[in-house]
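Undergrad: Dumping the structure here so I can ask a few things about it.
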Amino acid sequence: LSNAAVFSGSNYLVIPRYGTPTGYFTVATWLYQTTNTGQQMIVGFADGTGGVGGMSIYLADGKPAVYVYEAETDASSGYARASAISINTWTYVVWKISPYGPYGKAQACVSVNSDAFTCGNLGYNIRSTSSDMTVGANGNINMFYQGRIDELGIWSRTWSPADVALGYNSGAGRAFPF
């Protein structure tokens, strides 16, 4: 965790034309947030132009959350974990997204420090885009993250509790790949 990217609340990273993952996938990272107020983006998939939609992996007042935007109908839906993560301490957060959860819509699940996943249904499916991926801000370049992000990874499958425990490594972390 010594080489973490530092986000001051005004800087961010862009990975051009990454595209929005639409199948089963997992986002895992170590976070050291310095404030837990407002919406702070971890990873965003949107072109910022109001295209076909997008998805956000973020913190809502410190609570790990997922947000899906459907541009054609100008509708959105989200899920947030019930409790916030601590500030000024390293926390391991894993988001797993299933495109076909209950009711035929996407489902988001969150694990913090290798605890059991908590899940919620998203009201919409995730649309494929050829958008940029942003880290530390959303596609409209706001919702800035404040703190450090390390060992950020995206996998094209959902993780099991055993996968989460392996990455968490009893709080010591584990460098990718593992």
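Each reported figure results from applying straightforward, stated rules to the coordinates on display, with no laboratory input. Keep in mind it's a predicted model, so treat the numbers as computed, not measured. So basically every Cβ, Gly included, is an ideal-geometry build from the backbone, and we count neighbours across all protein chains shown.
Undergrad: How much length is gained if the chain between Ala175 and Ser114 is pulled fully straight, taking 0.36 nm per residue apart and subtracting their Cα-Cα distance, in nm to one decimal?
TA: Between Ala175 and Ser114, full extension yields an extra 20.4 nm.
Undergrad: How charged is the neighbourhood of Trp155? Take every other residue with its Cβ under 13 Å from the Cβ of Trp155, and add Lys/Arg as +1 and Asp/Glu as -1. Present the calculation step by step, with values, prior to reporting the outcome.
TA: Working: positive: Lys96, Arg157; negative: Glu151, Asp163.
Residues close to Trp155 contribute a combined charge of 0.
Undergrad: Once the other residues with Cβ under 14 Å from the Cβ of Arg174 are scored (Lys, Arg +1; Asp, Glu -1), what is the net sum?
TA: Net of charged neighbours comes to -3.
Undergrad: So what is the orientation-averaged projected area of the stretch 84-163, using the convex hull of its C-alpha atoms, in nm²?
TA: It is 6.6 nm².
Undergrad: Then there's this: Quick one: net charge around Ala108, please, counting Lys, Arg +1 and Asp, Glu -1 for every other residue with C-beta under 10 Å from its C-beta.
TA: Result for the local shell: +2.
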